[in-house]
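Participant: Sharing a structure below in structure tokens format, with a few things to ask.
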Amino acid sequence: MHLQAGRRRADDSFEWDKRARHFRPLETAPYARDFIKLLALKPGESVLDMGCGAGSIAIPLAQAGHSVIAADFSPAMLGTLDAGIEFYRLEDLITPLELAWDDDWDLLGPVAKAVDVAFASRSVTTNDLKGALAKLDRTARRRCAVTMVANSSPRYDLHLMNAIGASVTCSNGFVYAFNILIQMGALPQVTYFESPRRDTFDSLEAGVADFSRMLEHGNEDKIDRLRDYIAHHMIENPHAGEPGSKGVPQGRYMLDHVRKVRWAFIAWEPASVPRP
């Protein structure tokens, strides 16, 4: 609870509004494919995608025939989602909804047991984790799921940080979520999987400027080590100029290792459903 309360901060809609222009879900990324496989939907099931972003999961689910309530607190993200809905002609299957975790779901959210499956993919961005899990639980008839990071924050390249002797805090918020669900009377199941990420840049100094975002919480004095590491491990990017995972053209260089983020996929049957 202490680590969760001390997290960097809950995300806000303005931050994600600024990022929205970089999201173009015109193909299903490896992370989304893995998530959808673990979600294990039955044919025709309806879903709530809470924190849907630009639709990286909502769109492929709708293409598979599922009815999706796609909720997010960022108007700009929902605007990007609208473009994807129009592009794929999914108006009859995806219902966008502007909604935040901290909103009163009795007034603004989907009604209790509105969907078969409710989930939040990498989007439990609230300081009230118990309240967020309870809201998913009340909304689903059959199944709920969340993914939470299971090592360091996705902001960090753990391999790089270890190489330069920088400290990284792993909050293990997924353990907190697991325990909350146990207290709620659920029997959560946890599956781990990894998603690869490639950070690209156009010059050494551009790489240093980008990766220096990781040097916080007492690591600010590691900037020279960071520059030295990048100088010795930057290689030509064979896909330079091509769109990256978020639609931004890739840079000329990348590091010689793939950054991997480990995720905990936590699924449970809603505790709020009466048992026979």
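The values are calculated or read from the model by the stated rules, or taken from the named source; none is laboratory data. Worth saying up front: this structure is predicted, and the values here are computed from it rather than measured. Methodologically, a virtual Cβ is constructed for each residue, glycine included, from the backbone with ideal geometry; neighbour enumeration extends over all protein chains shown. To get the accessible areas, we keep the full protein, side chains included, count just its heavy atoms, and leave off ligands, DNA and RNA. Shrake-Rupley method; radii C 1.70, N 1.55, O 1.52, S 1.80 Å.
Participant: For helix 75-88, report the angle its Cα long axis makes with the longest principal axis of the Cα atoms of the chain; keep it between 0 and 90° and round to the nearest 10°.
Facilitator: It is inclined by approximately 80 degrees.
Participant: Calculate log10 I(q)/I(0) of the range 143-202 for q = 0.17 Å⁻¹, where I(q) comes from the Debye formula with a single equal point scatterer on each Cα and nothing for solvent.
Facilitator: Taken in order of the listed q values, log10 I(q)/I(0) reads -0.72.
Participant: Another question, if that's okay. Ranked highest first by the average count of other Cβ atoms within 10 Å around their residues, in what order do 133-145, 47-59 fall?
Facilitator: Result, highest mean first: 47-59, 133-145.
Participant: Rounded to the nearest 5, what is the percent of antiparallel bridges among the DSSP beta bridges in the chain?
Facilitator: 55
Participant: Once you treat every alpha carbon in the range 92-149 as an equal point and sum by Debye, what is log10 I(q)/I(0) at q = 0.12, 0.25 Å⁻¹?
Facilitator: Reported log10 I(q)/I(0), two decimals: -0.27, -1.19.
Participant: If you don't mind, another one. Quick one: grab Rg to one decimal and Dmax as a whole number for the chain, Cα atoms only, in Å.
Facilitator: 19.5, 63
Participant: So what's the Cα pair-distance distribution over the range 51-114, bin width 10 Å, in %?
Facilitator: For the range 51-114, the binned pair fractions read 24, 52, 23, 1 percent.
Participant: Right, another one. Heavy atoms only, probe 1.4 Å: what % of the accessible area of the chain goes to carbon and sulfur, would you let me know?
Facilitator: About 53 percent, which is the carbon plus sulfur part of the accessible surface.
Participant: So how strong a dipole does the chain carry about its Cα centre when Lys and Arg Cβ are +1 and Asp and Glu Cβ are -1, to the nearest 20 debye?
Facilitator: So the dipole magnitude of the chain works out to roughly 800 debye.
Participant: What longest range of the chain stays clear of loop-exposed GluC sites (Glu not before Pro) (DSSP non-H/G/I/E/B, at most 16 other C-beta within 10 angstrom)?
Facilitator: By the stated rule (loop sites, at most 16 other Cβ atoms within 10 Å), 92-215.
Participant: Whole Å is fine, so just give me how far the alpha carbon centre of the range 203-270 lies from that of the range 48-75.
Facilitator: 27
Participant: Sticking with this one: I need the peptides 70-79, 263-272 ranked by packing, meaning the mean over residues of other C-beta atoms within 10 angstrom, with the highest value on top.
Facilitator: Those peptides, ordered most packed to least, come out 70-79, 263-272.
Participant: Let me ask something else. If each of Ile223 and Arg262 carries a label point 7 Å out from its Cα toward its Cβ, how far apart are those two points in nm?
Facilitator: Modelled inter-label distance: 3.2 nm.
Participant: Here's a follow-up. Please express the shape of the range 185-273 as an equivalent ellipsoid: the semi-axes are the square roots of 5 times the eigenvalues of the C-alpha gyration tensor, given largest first in whole angstrom.
Facilitator: Semi-axes (√(5λ), whole Å): 35, 19, 11.
Participant: What angle do you read, to the nearest 10 degrees and between 0 and 90, between the alpha-carbon axis of helix 223-233 and the longest principal axis of the chain?
Facilitator: That works out to roughly 90 degrees.
Participant: Averaged per residue, what accessible area in Å² does the chain show with a 1.4 Å probe, protein chains only?
Facilitator: Result: 51 Å² per residue.
Participant: Could you give the length gained on full extension between Val273 and Arg155, defined as 0.36 nm per residue of separation minus the Cα-Cα distance, in nm?
Facilitator: Stretched fully, the Val273-Arg155 segment lengthens by 38.8 nm.
Participant: Another one. For helix 129-139, what angle does its Cα long axis make with the longest principal axis of the chain, in degrees from 0 to 90 and rounded to 10?
Facilitator: So the inclination is approximately 40 degrees.
Participant: Can you give the helix-only mean residue ellipticity at 222 nm for the chain, where every DSSP H stretch with n ≥ 4 adds -39500 (n - 2.57) and the sum goes over all residues, rounded to the nearest 500 deg cm²/dmol?
Facilitator: Calculated from helices alone, the mean residue ellipticity at 222 nm is -9500 deg cm²/dmol.
Participant: Among the listed pairs Lys37/Lys260; Lys42/Lys113; Lys130/Lys260, which have their C-alpha atoms separated by more than 22 angstrom in this model?
Facilitator: Lys130/Lys260
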